Amino acid sequence: MTPSGEWNLCAALLLLLLVLASPALAQTPSPAFLVIEKEDQKVVIVDPASLKIVARVPVGADPHEICVSSDGKTAYISDYGAFGTPLHTLSVIDLVAQKPLPAVELGALLAPHGMQAVADKIYFTAEGSKAIGRYNPTLGKVDWILGLGQDRTHMLVVSPDQTRIFASDVNSDTISILDRDKGADVSGWNQTLIPVGKGPEGFDVSADGKEVWAANSHDGTVSIIDVGSRKVVQTVESHTKAANRLKFTPDGNLVLISDLGTGDLVVFDAHSRHETKRISLGHGAAGILITPDGGRAFVAVSRDNYIAVIDLKTLAVVGRIPTGSGPDGMAWAVNK
């Protein structure tokens, strides 16, 4: 063999060894659940069956909330910055390739936070602009904005037909209900402001759309709103120090409330409106994600850097998923 042939053979063998030594990229499972690591500025992709992290993807500064396109292939993350320099971008991840894509520029819409994907459109709150907006991935731009005029509009829930939107206005102590109406002004929307407790942040809408439960982070209460009458029909004590998120289970039987202040997960019976159980998770209970079948809940314990796995039948902690620093917002990704 000639010297050049020997060199080519050695180079080929070295390349083969490098390939074999490199860790194989694990495919994104379907379903997968995604967790934001705020302080690390990353999103982790978790296999809900094995509870193992399969990938980490870098995102932009101060990531807070996350949603996923209907085909399960793209994730959008709000780059917040409200307590420093308000930001104006959404980070984007290709979940198949497990890599970041160019960020979405929101222009004058500042401090995006709460997010929801509906019918291939991405709805978001813009706290720094007292507005909500919608990004259209097909057009590659923000195609709709509605000013609410409230202070710190933080989270939102959009109905499947996009004709009704709920939003929590933390510093105005209100829940906004927005209804699309041909008889409204030129915006096409009517806004109803419902006064609630102090600092409503996490909230959710019951599966039948008849009730809104808002966790008031500044006074340890939950305001229960009758959507039909647009009134608070009951205020219950949750005995929380800093309620962060509130979620109904899919069957509508339970309401879960995370408490940043105590690290507890507080469980309410949605029908009796009484506390069922209080589960101590550690320090800084934050984001909540429930499996579609209602069997388990994942709760981000942000100051202890792990995700608690809760069996919703026994209301017991059945697992822990270690994460990077500051786990918080979570979302499902189902590849279609």
Query raised in the report: Out of region 50-143, which chymotrypsin sites (Phe, Trp or Tyr not before Pro) are coil in DSSP terms and have no more than 11 other C-beta atoms within 10 Å?
Result: Phe83
Query raised in the report: Cα-based Rg of region 223-295 per 2.2 N^0.38 Å, rounded to two decimals?
Result: 1.12
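Is it possible to state the helix-based mean residue ellipticity at 222 nm for the chain, with each DSSP H run of 4+ residues giving -39500 (n - 2.57), the sum divided by total residues, to the nearest 500 deg cm²/dmol? What is it?
Working: 1 runs with 19 residues, N = 336.
Calculated from helices alone, the mean residue ellipticity at 222 nm is -2000 deg cm²/dmol.
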Query raised in the report: Normalised by the residues of region 194-268, what does the relative contact order come to in percent, with Cα pairs under 8 Å and at least six apart?
Result: 25 percent
Query raised in the report: region 269-319: Rg/Rh from Cα coordinates, Kirkwood Rh?
Result: 0.98
Report summary line: Across Ala308, Ala97, Ala32, the residue with the highest GNM fluctuation in the chain (Cα network, 10 Å cutoff) is Ala97
Query raised in the report: When the chain is fully extended, how far beyond the present Cα-Cα distance does Arg296 get from Ala49, taking 0.36 nm per residue of separation?
Result: 87.8 nm
Query raised in the report: Between Gly199, Gly140, Gly284, which gets the highest mean-square fluctuation from a Gaussian network model of the chain, Cα cutoff 10 Å?
Result: Gly140
Query raised in the report: Measuring from label point to label point, each 7 Å out along Cα→Cβ, what is the Leu101 to Asp179 span in nm?
Result: 3.6 nm
Report task. State the three equivalent ellipsoid semi-axes of region 162-300, derived from the C-alpha gyration tensor as the square roots of 5 times its eigenvalues, in descending order and whole Å. Result -> 26, 16, 13
Report summary line: Filtered hits (aspartates and glutamates, Cα-Cα < 12 Å from Lys73, offset >= 8 within chain) -> Asp94, Asp120
**Report entry** Angle between the chain longest axis and helix 3-21 axis [Cα atoms, degrees, rounded to 10]
**Finding:** 30 degrees
Report summary line: GNM on the chain, Cα springs under 10 Å; top mean-square fluctuation among Thr249, Thr153, Thr314 goes to Thr314
Query raised in the report: Quick one: if you stick a label point 7 Å off each Cα along the C-beta vector at Lys231 and Val318, how many nm between them?
Result: 4.2 nm
Query raised in the report: Under a plain spin-label model, where a point goes 7 Å from the Cα along Cα-to-Cβ, how far apart in nm are Arg56 and Asp94?
Result: 2.2 nm
Report summary line: Expected unfolding gain across Gln162-Ser280 under the 0.36 nm per residue rule, minus the alpha-carbon gap, is 38.8 nm
Query raised in the report: With the other protein chains left in place, how much accessible area per residue, in square angstrom, belongs to the chain at a 1.4 angstrom probe?
Result: 44 Å²
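The values are calculated or read from the model by the stated rules, or taken from the named source; none is laboratory data. Nothing here was measured: the structure is a model prediction, and the numbers come from that model. FYI the Cβ positions are ideal-geometry reconstructions off the backbone, even for glycines, and counts take in every protein chain you see. Surface accessibility is based on the protein's heavy atoms, side chains included, excluding ligands, DNA and RNA. Shrake-Rupley method; radii C 1.70, N 1.55, O 1.52, S 1.80 Å.
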